[in-house]
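Inspection log for the structure reproduced underneath, given as structure tokens.
The values are calculated or read from the model by the stated rules, or taken from the named source; none is laboratory data. Worth saying up front: this structure is predicted, and the values here are computed from it rather than measured. Note: ideal-geometry Cβ built from the backbone for every residue, glycine included; neighbour counts use all protein chains shown.
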Amino acid sequence: MNLLSAGRVAFRSLRANKMRSILTMLGMIIGVAAVIIMVAIGEGANQRISAQIASVGSNLLLVLPGSTTSGGLRSGFGSAPTLTMSDAREIGKELPSVRAASPAMRSSGPVVYGNQNWSTILQGAVPEYLEMREWNIVSGRNFTAQETESASKVCLLGRTVADYLFGTEDPVGKIVRIKRSPFTVVGVLDRKGQSPQGQDQDDVVVLPITTMQKKLAGSAHVGAVGVIMVQAMDADHIKDAERQVTELLRQRHRTGQAGIDDFSVRNLSEMLALAESATRIMSLLLGGIASVSLLVGGIGIMNIMLVSVTERTREIGIRMAVGARERDILSQFLIEAVILALTGGAVGILLGSGGAILTSRLAGWTTVISPGAVLLAFGFSAAVGVFFGFYPARKASRMDPIDALRYE
Amino acid sequence: MESKRVIAAIEVSGLVKTYRLGDVLVEALKGIDLSIPAGEFLAVMGPSGSGKSTLMNILGCLDRPTAGTYRIDGEEVGNLSRDGRAVLRRSRLGFVFQGFNLLSRLSARENVELPMIYDATPAPVRRERALSALSSVGLADRAHHLPSQLSGGQQQRVAIARAIVNTPAMILADEPTGNLDSSTSEEIMRIFQLLNDERRITLVLVTHEPDIALFAKRVVRFLDGRIVEDRPVANRYRPSALPETRK
């Protein structure tokens, strides 16, 4: 018997029991739809995390200033201004594994334009900072090395700040007041969205670190910087860069051996990779739970095929009497099971895709329907059909024609 | 091949069939020797449990003998595999049952096509041969009816069409008139006679009714798994022509 006529025979007997076939398919439909939706949600979460990680910048190390001991009391890392501008310069210039280094300093304060004011983060940095964080300028320009040298009162506005202070007006060239000093806005930064920690990265004003040190911070330690951001040449050089930075700073600070360092080097990429693996585990879990319902759908197919084989014992006997071989009967019932599973799978894919789109519309979650997941779901439903259809089909094909013909 | 099929001769010797029922061995056939020349029309008679159906199952290659040989045209077929027997059934044997055994969801034509579905006959050829088989049993105009829309006699004629569609060497009919009234029975038996006369198809017919056995050329009587009588039919009943088929 060729496949076409076998398919036609199978299709007819499924149509003869419409209600039963539809209900059996429903099990597959729900299973496949659940897998598609869950994978889409998991994939969406993954993609959002990846985007956030990319927004921080790639292959970054963070050098934090160390602790000080004063009167026997040891403060934690970051409490003492032990890193300097020249540390940052040396790291950027001397180390072969490092592409760039930027000193950075944070503080906060109100920014005023006209009758609008907005309290925000003030980020002191050098021009390379934007490139390291892969941060683009949508209008205007970056501040220059020259402006950094001369501690000019220029600044870049994050999108959130620009929106609140200027609305639809173009901020470039305007004067804003930061802590009562006038600053010229030279550029507006592109939107970056949320950080992996959930902060609005666009709620920021970036200005030359020298300006910040001299005009705003009022720091007791002139020349000290908050942190140094270091970018390795590439992902393979992160470990080297980490080691070289540590060695260089030990040398410069004359701290000698580990344990009494007055700084610490953190691998930012590693921390973010951790967040990524957490979402991956979540999406695997979601997919796994959904797969269970697919399994239940498969068992439903097996159940109904077993009933169908018993019910049609006489038909099997007749077919055998007129010359059907074992494999003809086997393929007839197997094809029936596969048609049930595949039709259910196809409807489930449509429903699941619709559900995923609806979820992102209603709940505002990012969902991603990947063609790979759709193909996998389709292939998996075919496999479910074959796997759960095989036992009933084999049972049918092994029947004794005489007994089958006598069956009432 | 075509001519060889028509002259098929059946040769059975020393046929034994034992069943195990629980822990009792039942000997259904106790050594049967039977020779059926090509073109024979044999009626098998005997009480229930005498072994007729067991013999029919073995002749129909639905079952294997415990011992003995079964040859069609000198070729041993008693020990074929399941699939080998299936192929033999669809190419050289036809079955007609007491209960018609048509598939209720298929039309008359599709039921007749059934044996050809399994030997990969192309669909247009299948259709053409099914229609010609149906018209030779007088049902050309019922091709699209479902079995439930046909009378018992018509259903049995569909079953006969199904049995002859692959031009078999032998048709095995197990009480084909058991569920039919006497005039319909006569109709069916005349079709059998016609097939036997015109197409030289060998016929083996199991029946309880002596009247029906009169349509055959030869009668074999079974008792307790043995043949106790084997004689030609002396006063064979041969109506001259087919009666008009009932609509």
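If you scan the range B:211-225, which residues turn out to be in contact with an Asp or Glu (Cβ under 7 Å, 6 or more places away or on another chain) and part of a loop (DSSP other than H, G, I, E, B)?
Within the range B:211-225, B:217, B:225 meet the criteria.
Just checking, which of B:95, B:100 is assigned to a loop (DSSP other than H, G, I, E, B) and either within 14 Å of another protein chain (Cβ to nearest Cβ) or not aliphatic (A, V, I, L, M) (or both)? Steps first, answer last, please.
Numbers: B:95 fails: assigned to a loop (DSSP other than H, G, I, E, B).
Answer to the selection: B:100.
One residue is enough: does the range B:45-53 have a residue meeting the conditions over 13 Å from residue B:225 (Cβ atoms), more than 14 Å from every other protein chain (Cβ to nearest Cβ) and touching a strand residue (DSSP E or B) at 6+ places or on another chain (Cβ under 6 Å)?
Yes, the range B:45-53 contains a residue that is over 13 Å from residue B:225 (Cβ atoms), more than 14 Å from every other protein chain (Cβ to nearest Cβ) and touching a strand residue (DSSP E or B) at 6+ places or on another chain (Cβ under 6 Å).
Give the range A:46-72 a look and list any residue that's surrounded by 20 or more Cβ atoms within 10 Å (Cβ to Cβ), over 20 Å from residue A:134 (Cα atoms) and at pLDDT 75 or above, or say none.
Of everything in the range A:46-72, just one residue is surrounded by 20 or more Cβ atoms within 10 Å (Cβ to Cβ), over 20 Å from residue A:134 (Cα atoms) and at pLDDT 75 or above, namely A:65.
Look at the range B:112-132 and say how many of its residues are part of a helix (DSSP H, G or I) and closer than 29 Å to residue B:73 by Cα.
Qualifying residue count for the region: 11.
In this structure, is residue B:69 away from chain A (no Cβ under 13 Å) and either under 27 Å from residue B:39 (Cβ atoms) or more than 14 Å from the chain's Cα centre (by Cα) (or both)?
Numbers: away from chain A (no Cβ under 13 Å): yes; either under 27 Å from residue B:39 (Cβ atoms) or more than 14 Å from the chain's Cα centre (by Cα) (or both): yes.
Taking the combined requirement at face value, the residue satisfies it.
In the range A:153-170, is there at least one residue being surrounded by 14 or more Cβ atoms within 10 Å (Cβ to Cβ), closer than 22 Å to residue A:231 by Cα and basic (Lys, Arg)?
no
Scan the range B:82-91 and tell me whether some residue there is buried (at least 22 other Cβ atoms within 10 Å of the Cβ) and more than 14 Å from every other protein chain (Cβ to nearest Cβ).
From the range B:82-91, those buried (at least 22 other Cβ atoms within 10 Å of the Cβ) are B:85-86, B:89-90; that's our starting set.
In the following step, the residues that additionally are more than 14 Å from every other protein chain (Cβ to nearest Cβ) were identified as none.
So far as the range B:82-91 goes, no, none of its residues is buried (at least 22 other Cβ atoms within 10 Å of the Cβ) and more than 14 Å from every other protein chain (Cβ to nearest Cβ).
Test of understanding: among B:38, B:28, B:43, which residue is within 16 Å of the chain's Cα centre (by Cα) and not in a loop (DSSP other than H, G, I, E, B)?
Working: B:38 fails: not in a loop (DSSP other than H, G, I, E, B); B:28 fails: within 16 Å of the chain's Cα centre (by Cα).
Of B:38, B:28, B:43, the one residue that is within 16 Å of the chain's Cα centre (by Cα) and not in a loop (DSSP other than H, G, I, E, B) is B:43.
Checking residue B:106 against (1) among the hydrophobic types (A, V, I, L, M, F, W, C); (2) farther than 25 Å from residue B:57 by Cβ; (3) surrounded by fewer than 22 Cβ atoms within 10 Å (Cβ to Cβ), which single condition isn't satisfied?
(2)
Go through (1) surrounded by fewer than 24 Cβ atoms within 10 Å (Cβ to Cβ); (2) part of a loop (DSSP other than H, G, I, E, B) one by one and return the number of the condition residue B:135 breaks.
(2)
Are there any pairs with C-beta distances below 9 angstrom linking a residue in the range A:150-178 that is within 21 Å of residue A:127 (Cβ to Cβ) to a residue that is among the small types (Gly, Ala, Ser) and in a helix (DSSP H, G or I), with the two at least 6 apart or on different chains, and if so which?
Going by the 9 Å Cβ cut-off, the qualifying pairs are A:171/A:162.
Quick one: in the range A:286-342, of everything that is without any contact (Cβ under 8 Å) to a residue 24 or more places away in the chain and hydrophobic (A, V, I, L, M, F, W, C), which residue is farthest from residue B:97 (Cα to Cα)?
Among those residues, the one meeting the criterion is A:292.
Any chance the range B:150-163 includes a residue that's at pLDDT below 90 and either closer than 20 Å to residue B:32 by Cα or among the hydrophobic types (A, V, I, L, M, F, W, C) (or both)? Before the answer, list the steps.
The first filter runs over the range B:150-163 and keeps only residues at pLDDT below 90, leaving none.
So far as the range B:150-163 goes, no, none of its residues is at pLDDT below 90 and either closer than 20 Å to residue B:32 by Cα or among the hydrophobic types (A, V, I, L, M, F, W, C) (or both).
Scan the range A:118-141 for residues that are within 21 Å of residue A:168 (Cα to Cα) and in contact (Cβ under 8 Å) with a residue 24 or more places away in the chain and jot them down.
Just the residues of the range A:118-141 that are within 21 Å of residue A:168 (Cα to Cα), to begin with: A:118-120, A:136-141.
Across the range A:118-141, the qualifying residues are A:118, A:120, A:136, A:137, A:138, A:139, A:140, A:141.
Could you list, in sequence order, all residues of the range A:281-324 that are in a helix (DSSP H, G or I), hydrophobic (A, V, I, L, M, F, W, C) and within 14 Å of chain B (Cβ to nearest Cβ)? Spell out the reasoning first.
So the first thing to find is which residues in the range A:281-324 are in a helix (DSSP H, G or I), and the list is A:281-311, A:313-321.
Filter once more, keeping what is hydrophobic (A, V, I, L, M, F, W, C): A:281-282, A:284-286, A:289-290, A:292, A:294-296, A:299, A:301-302, A:304-307, A:309, A:316, A:318, A:320-321.
Scanning the range A:281-324 gives A:316, A:318, A:320, A:321.
Collect the residues in the range A:309-365 that are in contact with a strand residue (DSSP E or B) (Cβ under 6 Å, 6 or more places away or on another chain) and within 14 Å of residue A:377 (Cα to Cα), keeping them in residue-number order. Let's see the steps before the verdict.
Filtering the range A:309-365 down to residues in contact with a strand residue (DSSP E or B) (Cβ under 6 Å, 6 or more places away or on another chain) leaves A:321.
Matches in the range A:309-365: none.
I'm told residue B:75 meets every condition in (1) out of contact with any helix residue (DSSP H, G or I) (no Cβ under 7 Å at 6 or more places or on another chain); (2) within 8 Å of another protein chain (Cβ to nearest Cβ); (3) not aromatic (Phe, Trp, Tyr) except one. Can you identify the failing condition by its number?
Every condition holds for residue B:75 apart from (2).
Go through A:55, A:21 for me and flag whichever is assigned to a helix (DSSP H, G or I) and over 18 Å from residue A:386 (Cα atoms).
So the residue among A:55, A:21 that is assigned to a helix (DSSP H, G or I) and over 18 Å from residue A:386 (Cα atoms) is A:55.
Go through A:32, A:9 for me and flag whichever is of a type in the set (Val, Ile, Thr), in contact (Cβ under 8 Å) with a residue 12 or more places away in the chain and within 14 Å of chain B (Cβ to nearest Cβ).
Details: A:32 fails: within 14 Å of chain B (Cβ to nearest Cβ).
After applying the criteria, what remains is A:9.
If the Cβ limit is 9 Å and pairs must be 6+ apart or interchain, which residue in the range A:392-408 that is facing chain B (nearest Cβ under 10 Å) pairs with which residue that is among the aromatic types (Phe, Trp, Tyr) and exposed (fewer than 13 other Cβ atoms within 10 Å of the Cβ)?
Cβ pairs passing all conditions: none.
If the requirement is being over 21 Å from residue A:226 (Cα atoms) and polar (S, T, N, Q), which of these qualifies: A:264, A:283? Give the steps one after another, and end with the answer.
On the way: A:264 fails: over 21 Å from residue A:226 (Cα atoms).
None of the other options fit; the residue is A:283.
Specify which of the listed residues (B:199, B:221) is more than 14 Å from chain A (Cβ to nearest Cβ), buried (at least 16 other Cβ atoms within 10 Å of the Cβ) and among the charged types (D, E, K, R). Full working, then the answer.
Numbers: B:199 fails: buried (at least 16 other Cβ atoms within 10 Å of the Cβ).
That would be B:221, the only listed residue that is more than 14 Å from chain A (Cβ to nearest Cβ), buried (at least 16 other Cβ atoms within 10 Å of the Cβ) and among the charged types (D, E, K, R).
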